[in-house]
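The values are calculated or read from the model by the stated rules, or taken from the named source; none is laboratory data. As the structure is a prediction and not an experimental result, all values here were calculated from the model. Cβ: placed from backbone, ideal geometry, glycine included. Neighbour counts: every protein chain shown. Surface accessibility is based on the protein's heavy atoms, side chains included, excluding ligands, DNA and RNA. Shrake-Rupley method; radii C 1.70, N 1.55, O 1.52, S 1.80 Å.
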Amino acid sequence: QLQLVESGGGLVQPGGSLRLSCAAAGFTLDYAVIGWFRQAPGKEREGVSCMSSSGDSVNYVDSVKGRFTISRDNAKKMVYLQMNSLKPEDTAVYYCAVDFNSLRSATVRHMCPPADDYDYWGQGTQVTVSS
């Protein structure tokens, strides 16, 4: 069964940190572009970050630059999103996704692939930033 499973969400105070994990099952991540998205209540889904298949290119939405870090461990088939200095506006359900079209890796340094380009999605994990 092909699936992505996120974990690591929770309730954290403003200024705190969380590390989201995304485990892939049934497929390899070696040639995939990986991405993290989020959706807050009443808002549209937003791309947060992405990483090329080789890991040498990353991109972030402006609102998380300098605070979030995307990473991957292909051997473990894991994707991560380290989130520091969290703000209440970071509250959302966070999703990981994979795009198997490795050709799009070349575009990552300019922009992340749009949501429609991704082939598989996780079920999401809730992140709540509140005092």
Once you list every other residue whose beta carbon is under 15 Å from the beta carbon of W121, what net charge do they have if Lys and Arg are +1 and Asp and Glu are -1? -4
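Counting only protein heavy atoms and using a 1.4 Å probe, what share of the accessible area of the chain belongs to carbon plus sulfur, as a whole percent?
49 percent
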With Rg and the Kirkwood Rh both taken from Cα atoms, where does Rg over Rh land for segment 1-121? 0.94
Each label point is 7 Å from the Cα along the Cα-to-Cβ direction; what then is the distance between the points at S57 and A75, in nm? 2.6 nm
Tell me, what is the 1.4 Å probe accessible area of E89, in Å² to the nearest 10? 120 Å²
Name all residues of segment 86-122 having a backbone nitrogen under 13 Å from the label point set 7 Å from the Cα of R45 along its Cα→Cβ direction, giving them as ranges. 93-99, 113-122
Which Cα, out of S63, M78, G47, lies furthest along the positive dipole direction of segment 44-103 (beta carbon charges, K/R +1, D/E -1)? M78
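Would you mind working out the magnitude of the charge dipole of the chain relative to its Cα centre, with +1 at each Lys and Arg C-beta and -1 at each Asp and Glu C-beta, to the nearest 20 Debye?
That gives the chain a dipole magnitude of about 320 debye.
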Going by accessible area, probe 1.4 Å, with all protein chains left in place, what is the ranking of S21, S131, S54, largest first? S131, S54, S21
Describe numerically, in nm with one decimal, the distance between label points set 7 Å from Cα along Cα→Cβ at T128 and at A25. 2.6 nm
What is the log10 of I(q)/I(0) for segment 1-63, computed with the Debye formula using one identical point scatterer on each Cα and no solvent, at q = 0.14, 0.20, 0.30 Å⁻¹? -0.54, -1.04, -1.31
Note: E89 to K65 extended length (0.36 nm per residue) minus current alpha-carbon separation gives 7.2 nm
Could you give the nm distance between label points at N101 and Q13, where each point is 7 Å from its Cα heading toward the beta carbon? 4.6 nm
